[in-house]
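Worksheet: the structure to be examined is printed underneath.
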Amino acid sequence: MFGRLHHVAYRCRDAQRTVDFYTRVVGLKYVAGLMPPENSKPSWPLNEPGQPARKVVGEEADSIHIFFELGDGSYLAFFDVPDGGDDSHDPTPWWVKHIAFEVADSKALLEGKKRLEAHGVQVLGPKDHGMCQSIYFMDPDGHRLEMTIRTEQADTWQKLAADAPKELAKWNALKKRKYGPAPGAKDKIPAMPDDSTIVNA
């Protein structure tokens, strides 16, 4: 169903600071800044079988959506939304959410580490994961980034794929034992939060 990655989007607190970091420190090309009219409300069409044409309308919010081009033609993107509420109390462990970017070889990985450190960015690693070797760092908004090189053998992914169902079953058993039964599947998975505003199109 998915052909390739188009973009990954995160929130940033200051678009200019983010552009400066990703262009000057990381070395990406800033390629787009999409800004809707001031005081606009974002909306998305909601076209469902058997329903009249409707749309989901968000709260009024000024924003800019900025894009940086990656080497494969995909993009890393951010939204600067000054009045978008406080999302800083996420209980997720700091090491979980991250974006991993592949580089050509160990020379590029070590050069990246050196460049980041020269700009005052603290870097963890390199860390050997068996199938890849990585360094880790944060951007000015605390988004965790990973630079990685592939170190797998010819049959690594074939072995991992063969073991994947057993590993998932083992995880499901551990999780059920320690944390209780999994939540039931929903009949319908919504595309927006339950309290979203839906109006006729």
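The values are calculated or read from the model by the stated rules, or taken from the named source; none is laboratory data. Keep in mind the model is a prediction, meaning the values are calculated, not measured. For neighbour counting, all protein chains shown are included, and Cβ atoms are generated from backbone atoms with ideal geometry for every residue, glycine included. Surface areas here come from the heavy atoms of the whole protein model, side chains and all, with no ligands, DNA or RNA. Shrake-Rupley method; radii C 1.70, N 1.55, O 1.52, S 1.80 Å.
Has segment 176-192 got at least one residue that is in a loop (DSSP other than H, G, I, E, B) and surrounded by 11 or more Cβ atoms within 10 Å (Cβ to Cβ)? Within segment 176-192, one or more residues are in a loop (DSSP other than H, G, I, E, B) and surrounded by 11 or more Cβ atoms within 10 Å (Cβ to Cβ).
How many residues are out of contact with any Lys or Arg (no Cβ under 8 Å at 6 or more places or on another chain) and surrounded by 15 or more Cβ atoms within 10 Å (Cβ to Cβ) if we restrict to segment 111-136?
Of the residues in that region, 4 qualify.
Scanning segment 115-131 for residues that are in contact (Cβ under 8 Å) with a residue 24 or more places away in the chain and not small (Gly, Ala, Ser) gives ARG115, LEU116, HIS119, VAL121, MET131. Within segment 3-41, the set of residues being within 25 Å of ALA100 (Cβ to Cβ) and of a type in the set (D, E, K, R) comprises ARG4, ARG11, ARG13, ASP14, ARG17, ASP20, ARG24, LYS29.
Every condition in (1) under 17 Å from MET138 (Cα atoms); (2) under 18 Å from the mean Cα position of the chain (by Cα) holds for GLY27 except the one numbered (2).
Restricted to segment 1-102, the set of strands (runs of 3 or more DSSP E) holding at least 2 residues that are open to solvent by less than 100 Å² (accessible area, probe 1.4 Å), touching a helix residue (DSSP H, G or I) at 6+ places or on another chain (Cβ under 8 Å) and of a type in the set (A, V, I, L, M, F, W, C) comprises 64-69, 75-80. Residues in segment 103-112: is at least one within 25 Å of ALA15 (Cα to Cα) and either touching a helix residue (DSSP H, G or I) at 6+ places or on another chain (Cβ under 6 Å) or modelled with pLDDT of 95 or more (or both)? Yes - at least one qualifying residue is present in segment 103-112.
Just checking: which of the strands (runs of 3 or more DSSP E) contained wholly in segment 113-172 hold 2 or more residues that are within 30 Å of ARG24 (Cβ to Cβ) and of a type in the set (Ser, Thr, Tyr)?
132-138
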